[in-house]
Amino acid sequence: MVDSPVMEPRIDPDDELTCLGHDEDLDNQQGAMAPPIVQTSLFAFPSTDALMRGLDAEDDQPVYSRGTNPTVRAVETKLARLERGEACTCFASGMAAISATMFGLLKAGDHLLFVNQVYGPSRELARALTRFGVAHNVALDITPDAVEAHLRPNTKMVWIESPGTMVFRQLDVRAVADLARAHGAVSVVDNSWATPLFQKPLTLGVDVVVHSASKYLGGHSDVLSGAVISDGDRIRRLFYDATLLLGGMLSPFDAWLLNRGLRTLPARLRVHHANGLTVARWLADQPRVRRVFHPLLDTEGTSRPRSLGAQLRGATGLFSFELDTDGHTDVARVLDALTRFRLGVSWGGVESLALTPNRDDRQASALDDDHIPRGTIRLSIGLEPPEILIDDLRQALAVS
Ligand SMILES: *Cc1c(COP(=O)(O)O)cnc(C)c1O
């Protein structure tokens, strides 16, 4: 058992207050501590003239809840502040945010470059966009020089995940954002893993941040939601070209749940950070484990922690490890022996979850193409005492 203490995450005190709701406009809601759920589809106006003015500024004024709604706006304001962006627009899911960003900012003839292992459905969406004349490819060598070599004259968007999906490699976000800017391409970071508390891509020169808020931001596995944060002009453009027309807006009740989740985000993340590192370091010393993929453990996969560095202010509880086997059945045997971890997709809730990307041996060559080991098990460490999770992993790893 690892007994040296894990490093502390660095959470900005201003962010802590924002999450708790200290910036909320209580005067505007009769002092209600929790924002009212404005459950309405439309807003009535006192005169035709006022209605016409509302229609001219739908990005700012509640007219119809497919556009602006006060409960949704409250959470958008909060997310924009946490990411240090000027504006935010929320969506019914992370994929609605991602599809609005791609549809809203790309056109036929453009090329989209993914950098790092990227969330599968984001890449599937790009495959669907080839029907509309948008090309894409993936840079798995994430050094800035290698990324630069992938840029084409028509590259208009550089889509980054750091840490990346499944094996959680970090890249130099500032360097890649600089490359994109010099090339005239928009840089986008999917910041769902780190949340704005642990990584602020806009302060590293990135243009757009997208989130699946269904994960840590909501935090309780009870709401689907997504967000895009950027400067005011770009968000206005996205609002009119994508949010309003694609119609994937966040509902008032789901916005309320998301806002409630945000209140405890700093407290939850401290526990995810510490418990995740404790479990990851224990795993790194187990004989059946080839490597642990955790952004704060050294790249050799030993239990030695790395320093936080300038880019990340902490680690959440999602990481993976490689078992000493490549076969789907052997991986499944370990997963099926777990009793505390639930088996399921998604992550970021209070409960611990486990999953393998190795669906069966026939499809495993797709993992090889993405440089994801076949023996990978991904864990989302919840808020349970870490000793209980380690005991569960110990007995599951003893199953052969
Ligand atoms: C889950 C996830 C998404 C998609 O979000 P949904 O809310 O499920 O639509 C996007 N990016 C990453 C990294 C994710 O994990």
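A compact table of results
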item: Complete set of residues in the range 264-278 that are assigned to a helix (DSSP H, G or I) and not charged (D, E, K, R); result: Leu265, Pro266, Ala267, Leu269, Val271, His272, His273, Ala274, Asn275, Gly276, Leu277, Thr278
item: Checking Val138 against (1) within 20 Å of Ser212 (Cα to Cα); (2) among the hydrophobic types (A, V, I, L, M, F, W, C); (3) within 16 Å of the ligand (Cβ to nearest atom), the condition it does not meet; result: (1)
item: Selection count, the range 152-186, where residues are polar (S, T, N, Q) and within 16 Å of the ligand (Cβ to nearest atom); result: 3
item: Total residues in the range 100-109, condition in contact with a Gly (Cβ under 7 Å, 6 or more places away or on another chain) and crowded, with 21+ Cβ neighbours inside 10 Å; result: 1
item: Near pairs, Cβ below 9 angstrom, 6+ apart or cross-chain, from the range 289-303 (aromatic (Phe, Trp, Tyr)) to any residue that is modelled with pLDDT of 95 or more and in a strand (DSSP E or B); result: Phe293/Phe319; Phe293/Ser320; Phe293/Phe321; Phe293/Glu322; Phe293/Thr376; Phe293/Arg378
item: Condition broken by Glu16, with the remaining ones in (1) among the charged types (D, E, K, R); (2) part of a loop (DSSP other than H, G, I, E, B); (3) under 20 Å from the mean Cα position of the chain (by Cα) satisfied; result: (2)
item: Tally of residues being assigned to a strand (DSSP E or B), within 28 Å of Arg10 (Cα to Cα) and not small (Gly, Ala, Ser) across the range 298-341; result: 4
item: Some residue of the range 69-84 being modelled with pLDDT of 95 or more, within 16 Å of the ligand (Cβ to nearest atom) and in a loop (DSSP other than H, G, I, E, B); result: no
item: Residue ID - farthest from Arg268 (Cα to Cα), chosen from residues in the range 222-235 that are hydrophobic (A, V, I, L, M, F, W, C), within 13 Å of the ligand (Cβ to nearest atom) and in contact (Cβ under 8 Å) with a residue 60 or more places away in the chain; result: Val228
item: Any hit, the range 362-376, residues being part of a loop (DSSP other than H, G, I, E, B) and without any contact (Cβ under 8 Å) to a residue 60 or more places away in the chain; result: yes
item: From Gly219, Gly205, residue being touching a helix residue (DSSP H, G or I) at 6+ places or on another chain (Cβ under 6 Å), more than 12 Å from the ligand (Cβ to nearest atom) and closer than 27 Å to Arg342 by Cα; result: Gly219
item: Considering residues of the range 236-251 that are closer than 14 Å to Glu76 by Cβ and surrounded by fewer than 23 Cβ atoms within 10 Å (Cβ to Cβ) only, the residue farthest from the ligand (Cβ to nearest atom); result: Arg236
item: Subset of the range 110-135 [of a type outside the set (Gly, Ala, Ser), within 16 Å of the ligand (Cβ to nearest atom) and surrounded by 20 or more Cβ atoms within 10 Å (Cβ to Cβ)]; result: Leu112, Phe114, Val115, Asn116, Gln117, Val118, Tyr119
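The values are calculated or read from the model by the stated rules, or taken from the named source; none is laboratory data. These numbers come from a predicted model, not from an experiment. Positions of Cβ are generated from backbone atoms using ideal geometry, with glycine treated the same way; all protein chains shown enter the neighbour counts.
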